[in-house]
1. Just give me the residues in segment 51-72 being more than 13 Å from the chain's Cα centre (by Cα) and at pLDDT 90 or above, in sequence order.
2. Going by what's in this entry, would W56 be described as in contact with a Pro (Cβ under 9 Å, 6 or more places away or on another chain), under 30 Å from K26 (Cα atoms), in contact (Cβ under 8 Å) with a residue 40 or more places away in the chain and not small (G, A, S)?
3. Among residues belonging to segment 119-130 that are surrounded by 11 or more Cβ atoms within 10 Å (Cβ to Cβ) and without any contact (Cβ under 8 Å) to a residue 40 or more places away in the chain, point out the one that is farthest from W82 (Cα to Cα).
4. Filtering segment 56-79 down to residues that are polar (S, T, N, Q) and in a loop (DSSP other than H, G, I, E, B), which residue is farthest from N116 (Cα to Cα)?
5. Any residue at all in segment 82-89 that's modelled with pLDDT of 90 or more, charged (D, E, K, R) and exposed (fewer than 13 other Cβ atoms within 10 Å of the Cβ)?
6. In segment 131-155, what count of residues is obtained for those that are free of Cβ contacts under 8 Å to residues at least 60 places away in the same chain, touching a helix residue (DSSP H, G or I) at 6+ places or on another chain (Cβ under 7 Å) and either surrounded by fewer than 14 Cβ atoms within 10 Å (Cβ to Cβ) or under 26 Å from K50 (Cα atoms) (or both)?
7. Would you mind stating whether N116 is polar (S, T, N, Q) and touching a Ser or Thr at 6+ places or on another chain (Cβ under 7 Å)?
Amino acid sequence: MIVKQTTKALLAESLKELSKVKAVDKITIKELTINCGLTPPTFYNHFRDKYELMAWIYNQKVEASLKNFGVTDSFEDVICKWMEIILEDEDFYMNLLKNAVGQNSFRYATNDHAINLLTDWIKERHNLDELPPTICFCLRFYMRAVSEFVNDWALGKWECPPREI
């Protein structure tokens, strides 16, 4: 059966393909769109910039990994799943971690998304409209630490499987 890809999925596949031969910070929107038969305006109808696309690729998998959080999966299970996402396409994610840095980096965008997902999960689970500022601070602090830890792990500072960590 032929599966039609969404425009976002086409752009994601194009970025992944180009990242095999080029650092992601050197890939232009023009190259990205030509590679998949689209135009730059089409890209901008879906993403603000290539960093948002990078985050979208990872965040789709992160969202799927949260479906059993708090039911059958612990926070440890979820973090391991996030690390396993990186291992599934290691070359691509290493390229992102090494070459997509700065304020709009892959790391910050994906971490901010995870913080928002967890904030929403806590609010829903505890029937809250808003989280208290101290909880927001602790969640952000903890998730930034987890992000840095996973980054260090992914870039090879610790050579062990996610579950061991």
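The values are calculated or read from the model by the stated rules, or taken from the named source; none is laboratory data. Nothing here was measured: the structure is a model prediction, and the numbers come from that model. Every residue, glycine as well, gets a Cβ built from its backbone with ideal geometry; the counts of neighbours run over all protein chains shown.
1. Across segment 51-72, the qualifying residue is only T72.
2. So W56 does not fit the description; no.
3. Here the answer is L128.
4. Out of the qualifying residues, it is T72.
5. So far as segment 82-89 goes, yes, one or more of its residues are modelled with pLDDT of 90 or more, charged (D, E, K, R) and exposed (fewer than 13 other Cβ atoms within 10 Å of the Cβ).
6. Of the residues in segment 131-155, 5 are free of Cβ contacts under 8 Å to residues at least 60 places away in the same chain, touching a helix residue (DSSP H, G or I) at 6+ places or on another chain (Cβ under 7 Å) and either surrounded by fewer than 14 Cβ atoms within 10 Å (Cβ to Cβ) or under 26 Å from K50 (Cα atoms) (or both).
7. no
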